[in-house]
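Take a look at the structure below.
The values are calculated or read from the model by the stated rules, or taken from the named source; none is laboratory data. All values reported here derive from a predicted model rather than from experimental measurement. Note that we place each Cβ from the backbone using ideal geometry, even for glycine, and neighbour counts take in every protein chain shown.
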């Protein structure tokens, strides 16, 4: 039997793993909103489709379920290929959504763009439902079951890998946005697209890059989801997407660092809330936070008020 200290420490470990996944997914919402002031609800299904891309990438190596365990360079090679393939596939889906569904509507004011993303979300949702079916799929997981005791809790290899990969991706995005020429162009476009265009910034290229990067990070989150829960299904985008959206709003939608912080907070709330109260109350807690933030602090923890773009 684990003491209560060990139980809560275990839930913190679980919450950090969930938070890493939500943070990566929330970054997709916040990057697109920061530039276009558009909530991309198609992001839900991009995440879901990416989980199937990751599953197929792993199955190319003959992996199925948890029956094939790899180690050393074989494990590293397979995981690198799976992440690259999943992120690239998800990124291309994001670019296609921007190019064919949203770009023709860019000059139209109002909520038409957001409504269009809801339609795209249902298109992707039903494509997977009709092609793959409504069942759950056992996710290939080649990682060995290694664990280390910490204060009565257990820290597994998969959690260390999830933390390391998520940290590398988030730090890489932070460096890209703040230090590279294209990243500076993205920040300029987010502040004032017309002024950026007059200064020579290729705004169309910046928007495409925002969709690609946001969707690619959703792909990384989808692969992490599959490896962590050992399953995928056509329905996973809804719950995970809403929680990631809550994380983006909590951190300050439009703020990259806010999405990271919000993701970790929501992951910890999900894990600890289920332990302290009951798992069935987890969604009530999380979505109550969403409502309260929207009502009392719409700019979130790290967001800032900006003039509405015309």
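Filtering the range 91-123 to residues that are more than 22 Å from the chain's Cα centre (by Cα), within 15 Å of residue 207 (Cβ to Cβ) and assigned to a helix (DSSP H, G or I) leaves 100, 103, 104, 105.
Taking the range 148-168 as the region of interest, how many residues are loosely packed, with under 14 Cβ neighbours inside 10 Å and touching a strand residue (DSSP E or B) at 6+ places or on another chain (Cβ under 6 Å)? Residues that pass the stated criteria total 1.
When residue 280 is tested against the conditions (1) part of a helix (DSSP H, G or I); (2) modelled with pLDDT of 85 or more, the lone failure is (2).
When the range 61-81 is limited to residues that are part of a loop (DSSP other than H, G, I, E, B) and touching a helix residue (DSSP H, G or I) at 6+ places or on another chain (Cβ under 8 Å), the one that is nearest to residue 160 (Cα to Cα) turns out to be 70. Filtering the range 234-250 to residues that are assigned to a helix (DSSP H, G or I) and surrounded by 24 or more Cβ atoms within 10 Å (Cβ to Cβ) leaves 237, 241, 243, 244, 245, 246, 247, 248, 249, 250. Exactly one residue out of 185, 134 is over 22 Å from the mean Cα position of the chain (by Cα), buried (at least 16 other Cβ atoms within 10 Å of the Cβ) and over 19 Å from residue 264 (Cα atoms): that is 185. Could you say whether any residue in the range 32-43 is in contact with a helix residue (DSSP H, G or I) (Cβ under 7 Å, 6 or more places away or on another chain), under 30 Å from residue 193 (Cα atoms), modelled with pLDDT of 95 or more and part of a helix (DSSP H, G or I)? The answer is yes; a qualifying residue exists. Total residues in the range 36-62 satisfying the condition of being within 30 Å of residue 184 (Cα to Cα) and surrounded by 24 or more Cβ atoms within 10 Å (Cβ to Cβ): the figure is 8. Looking at the structure I just gave you, is residue 59 more than 24 Å from the chain's Cα centre (by Cα) and over 27 Å from residue 258 (Cα atoms)? It is false that residue 59 is more than 24 Å from the chain's Cα centre (by Cα) and over 27 Å from residue 258 (Cα atoms).
Considering only the range 220-233, I want to know if a residue exists there that is assigned to a helix (DSSP H, G or I), touching a residue at least 60 places away in the same chain (Cβ under 8 Å) and under 14 Å from residue 31 (Cα atoms). No: zero hits. Only a single criterion out of (1) over 12 Å from the mean Cα position of the chain (by Cα); (2) at pLDDT 90 or above; (3) more than 29 Å from residue 58 (Cβ to Cβ); (4) buried (at least 23 other Cβ atoms within 10 Å of the Cβ) is not satisfied by residue 253, namely (2). Contact annotation: residue pairs with Cβ atoms under 9 Å, 6 or more positions apart or on different chains, pairing a residue in the range 64-75 that is surrounded by 12 or more Cβ atoms within 10 Å (Cβ to Cβ) with a partner that is modelled with pLDDT of 85 or more and assigned to a helix (DSSP H, G or I), are 64/58; 69/75; 70/76; 70/77; 70/78; 70/79. Can you find, within the range 124-147, the residue that is nearest to residue 60 (Cα to Cα) among those that are in a loop (DSSP other than H, G, I, E, B) and touching a strand residue (DSSP E or B) at 6+ places or on another chain (Cβ under 9 Å)? Checking each candidate, the answer is 139.
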